[in-house]
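S.K.: Got a structure for you, questions after.
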Amino acid sequence: MFRRIFLLLLVLCPPFAAADEPASPLSQSMFEKYSPGILQVRVLERRSSTKSSIGSGFLVSEDGRVVTNYHVISKVVFDIDKYRLDVVDREGNSYAASVRGLDVVHDVAVIQVLGFKGTVLPSQCKELAQGEHLFSFGNPHDLGTTVVEGIYNGNVEYSLFDRLHFTGSINPGMSGGPVFTSDGRLAGVNVATSGEQISFLVPCKYASALIEPPGGQSPGDLVQMTTAQLTEYQDSALKPLFQAPLRTSSLGEYSVPSHFFPSLKCWSKSEDITQGKYSYLNHQCTGEHEIYVDEDVSAGSIYAYYTLVNSSQLNEFQFADLVEGMLQRFTSGGDGSSDFVTNYRCTSDFVRRDKLMLRVQTCIRAHKRLAGLYDTVVVFDSFDSSQSSLLGYFAAMGVSFKNAEQLGRAIIGGVSRRGV
Amino acid sequence: MIVEVRDLEGHLRERRRVAVFPVSVGRGYSNDIILDDPYVCPSHLRIEPREGMLGGAVDVGSVNGVYSWPDEVKLPHFDIRSNSRVRIGDTVLVFIDENESVGPTILRARGTVRRERREHPFLTFLASCLFLLTSGIFTFTTTHLTDDGGGIAHTLIVYTVVLGAMTLLWSALWSVVTKLLRHRFFFWAHLNIAICFMFASYPLSFAQDWVQFVTNASITSMMFAGIAYCVWFTGLMFYHLRRLSRTRGTWTLLKRAAVLPVLTIAVLASVRFYQQDTFSTELPIISETQPQRLLTRNGTSVDAYFEKVRSLEARLKEDLSK
């Protein structure tokens, strides 16, 4: 969610002024050499022809293929009857475009522009060295083409997918623009920023792989392609989780699945409440990245939240009432609209795992446009003790039904209590 | 012949000896037997001599008719035998042969004079409300956190006001319905049943799942009061039903008593169907009553549970096809 906000900022918001420092001579020469191939990519609402989203792109072939980000053109993928695509060059001329290929997992796409002749920019990739100077290009709204100089600081660790860490101020609207090395090789494609000169790039190899797609693509194929890519991705990403018990962490006398996914980052917080009548310990694991599919839809995010509640002063009815009140906070099913997802369908029961008794509720909803993909939420609480209870909330978005079931099993299977 | 004038509950209002025929019965002051009943016509019934019978009666063209009691068969005219019973308006006439003997006198032991207990339905209702409120306060304070007095007092006041408002609303609704029933007891009976159902439906506002509304832990704090009240009230109902079944058919009473529960279930079911069609990203609240938590010793296995989870796929495919 946090990540999506910054992606949207890059695409939709008015741009900021650029660098803190005056441009170097190299920046000037890079700008002169490559800016003619930089385009503004726009998604327009058909009936009003007004902008719905904007980003950047760069020309990679004589026949008009342009590389940009998937999230810039996602509306055209799913609602081709409502939106259309065009590009604008430095002189302000606009040209119609269509989607030719996409990689939703790595957030890169290739579009075909009709009738545009411009400077073809390099698309050969280069192995980067930490600390290497890079030059990011883009076309922020109404400011024209800009260049931002920065530093390559390695690959992002603990990410769902490959991302390059770029220390430089990528401005909003620059999504899809190229990033070149000083010797003119393509390092990557602008994709996101988290502010404070922390920005992210799609590695060059993913853009290169898309530049020569097998044939043209029709809009129907694009939705199926997106779905197929997401399905394949979640199958391969989740497969290691089911080959062995999930990694666990201690939470009081309980053990809970934690740090079991590469992108999961976990924190804990402990607090005493109501003059010491009860205390709780929270343990939260959030996936740092998610795959942007469309405005209300994402995939690949995983979230686990546990609360251990203890009390020695409340009687068992008061304690059960306290737990029931805390469970009422676990009602969020994530974002979504009725155009993209169904309602959640749920089943709940008392589940016995050896001597541990859990009340478990599993809710699953289907994606309407991504056939075969689902969002799942598992909520549980333990009640084998009248003075302590473990509450858990686990969510995974954009997974197959089989994986949703297996994830639920793995989470429930990973919960245990010492001495039980 | 003796004519007993009774109300619909069977209470005796007066006994009249009939020695001279014909005898007119009606609301008008010119009748031999004057009935204070707005559903009786000024001239309603005429009793004439008939050979071999105590008499014969004829409906003289009344608006509401004459009916056998408790069978409720309309009688334009009928033969009067000993213990014949008819209803005109809200009045029951019982005809008795004056030669029939009465039961023996009961010897009263000294110091055992008892005043006759009269039925006070409204007082019964008030007593049940006070009982309910007291039990509710007791269970609420023992089951909820006692963190600060202000919070609990505020919650109790809100709860009492909300419950009071709901009670009045139901009472108003059913006072219209019970006018059709024309039986005072059933007004209060329906009101008390409505209170029992309100306790069951209270958590409905939090629950989105039909099964979970009966297992929502919000019932817990009212559980003790609700069960005790319903047990007490059920006993009271049986007592009244047993008394009333002597004058009215038990099946008729049960049919009328079932109206409110059936209507309540229909309303709740329609609410459930409405909720199914509304799109929401919120999950149903996971909850269970405290008795379930306390009494559940054998949960289902993990495999059996995920067998249930697998069944969700078919339901989701149905949703996708809509």
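The values are calculated or read from the model by the stated rules, or taken from the named source; none is laboratory data. Please read all numbers here as calculations on a predicted model, not as lab measurements. Don't worry about glycine lacking a Cβ; one is built from the backbone with ideal geometry, like all the others, and counts go over all protein chains shown. These area figures cover heavy atoms from the full protein model, side chains too; ligands, DNA and RNA do not enter into them. Shrake-Rupley method; radii C 1.70, N 1.55, O 1.52, S 1.80 Å.
S.K.: Assess whether residue A:370 counts as being more than 7 Å from every other protein chain (Cβ to nearest Cβ), in a strand (DSSP E or B) and of a type in the set (A, V, I, L, M).
M.R.: In short, no.
S.K.: Out of the residues in the stretch A:407-420 that are in contact with a strand residue (DSSP E or B) (Cβ under 9 Å, 6 or more places away or on another chain) and open to solvent by 20 Å² or more (accessible area, probe 1.4 Å), state the one that is farthest from the other protein chains (Cβ to nearest Cβ).
M.R.: A:418
S.K.: Right, here's the next one. Taking residue A:196 as meeting all but one of (1) open to solvent by less than 60 Å² (accessible area, probe 1.4 Å); (2) more than 23 Å from residue A:293 (Cα to Cα), write down the number of the exception.
M.R.: (1)
S.K.: Scanning the stretch A:98-114 for residues that are of a type in the set (D, E, K, R) and within 21 Å of residue A:295 (Cβ to Cβ), which turns out most open to solvent (accessible area, probe 1.4 Å)?
M.R.: A:103
S.K.: Quick check on residue B:289: is it more than 8 Å from chain A (Cβ to nearest Cβ) and either open to solvent by less than 40 Å² (accessible area, probe 1.4 Å) or modelled with pLDDT of 90 or more (or both)?
M.R.: yes
S.K.: Here's something else I'd like to know. Collect the residues in the stretch A:352-364 that are open to solvent by less than 10 Å² (accessible area, probe 1.4 Å) and either more than 9 Å from chain B (Cβ to nearest Cβ) or touching a Gly at 6+ places or on another chain (Cβ under 7 Å) (or both), keeping them in residue-number order.
M.R.: Hits for the stretch A:352-364 are A:356, A:357, A:362, A:363.
S.K.: While we're looking at this one, here's another question. Could you list all residues from the stretch A:395-420 that are outside any helix (DSSP H, G or I) and within 16 Å of residue B:312 (Cβ to Cβ)?
M.R.: A:395, A:396, A:399, A:400
S.K.: What number goes with the only condition from (1) surrounded by fewer than 22 Cβ atoms within 10 Å (Cβ to Cβ); (2) at the interface with chain B (Cβ under 7 Å from one of its Cβ atoms); (3) in contact (Cβ under 8 Å) with a residue 12 or more places away in the chain that residue A:377 does not pass?
M.R.: (1)
S.K.: Among the strands (runs of 3 or more DSSP E) confined wholly to the stretch A:251-332, which include 1 or more residues that are within 13 Å of chain B (Cβ to nearest Cβ) and open to solvent by less than 20 Å² (accessible area, probe 1.4 Å)?
M.R.: Result: A:297-299, A:302-310.
S.K.: Which is of a type in the set (Phe, Trp, Tyr), without any contact (Cβ under 8 Å) to a residue 40 or more places away in the chain and either open to solvent by 20 Å² or more (accessible area, probe 1.4 Å) or more than 30 Å from residue A:235 (Cβ to Cβ) (or both), of A:95, A:83?
M.R.: Of the residues listed, the single one that is of a type in the set (Phe, Trp, Tyr), without any contact (Cβ under 8 Å) to a residue 40 or more places away in the chain and either open to solvent by 20 Å² or more (accessible area, probe 1.4 Å) or more than 30 Å from residue A:235 (Cβ to Cβ) (or both) is A:95.
S.K.: Considering the stretch A:380-398 alone, what residues qualify as being touching a residue at least 60 places away in the same chain (Cβ under 8 Å), on the phi < 0 side of the Ramachandran plot and open to solvent by less than 10 Å² (accessible area, probe 1.4 Å)?
M.R.: Hits for the stretch A:380-398 are A:382, A:388, A:389, A:390, A:391, A:392, A:394, A:395, A:396.
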